[in-house]
1. Regarding residue 56, is this residue out of contact with any helix residue (DSSP H, G or I) (no Cβ under 6 Å at 6 or more places or on another chain) and modelled with pLDDT of 90 or more?
2. One residue is enough: does the stretch 39-56 have a residue meeting the conditions closer than 17 Å to residue 130 by Cβ, touching a strand residue (DSSP E or B) at 6+ places or on another chain (Cβ under 9 Å), without any contact (Cβ under 8 Å) to a residue 60 or more places away in the chain and buried (at least 17 other Cβ atoms within 10 Å of the Cβ)?
3. In the list 67, 38, which residue meets the criterion of being part of a strand (DSSP E or B) and under 30 Å from residue 121 (Cβ atoms)?
4. Determine which single condition residue 3 fails, assuming it passes every other condition in (1) surrounded by 13 or more Cβ atoms within 10 Å (Cβ to Cβ); (2) in a strand (DSSP E or B); (3) more than 12 Å from the chain's Cα centre (by Cα); (4) touching a residue at least 60 places away in the same chain (Cβ under 8 Å).
5. Given the conditions (1) closer than 15 Å to residue 130 by Cβ; (2) touching a helix residue (DSSP H, G or I) at 6+ places or on another chain (Cβ under 9 Å); (3) surrounded by fewer than 18 Cβ atoms within 10 Å (Cβ to Cβ); (4) in contact (Cβ under 8 Å) with a residue 40 or more places away in the chain, report the number of the one that residue 9 does not fulfil.
């Protein structure tokens, strides 16, 4: 089992951080390893929505579908893989520190069945590093609009 938690403070209001980060179409922009996101259900994002992602992790191409299982606007988003080689749950939690600062927590929990159990600690370490890069990129994008 892998359980990785990362967090960052973003100098933007919570509505801006949560709306941008929870939009699947933005995922390839701020996630280092995600190459594409495709809606499998109609918009908007609601419980039961499904989005197909293509990513590369530890040299492997991964294709998986996330299903939205919980959504509380400006508070929490929970997605679980509906299929794929790495059963995973991804959780976003947003909290307002003040009117222009938001803490975002990114948590990934899963069972890397597509990988050897021997490398599970390496997977957790690599996920934490990638998640921190993702959050730093998200922070940069939101704090430096073009």
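The values are calculated or read from the model by the stated rules, or taken from the named source; none is laboratory data. None of these values were measured; they are calculated from a predicted model. Note that each Cβ is placed from the backbone with ideal geometry, even for glycine, and that neighbours are counted across all protein chains shown.
1. no
2. yes
3. 67
4. Unmet for residue 3, out of (1) surrounded by 13 or more Cβ atoms within 10 Å (Cβ to Cβ); (2) in a strand (DSSP E or B); (3) more than 12 Å from the chain's Cα centre (by Cα); (4) touching a residue at least 60 places away in the same chain (Cβ under 8 Å): (1).
5. (1)
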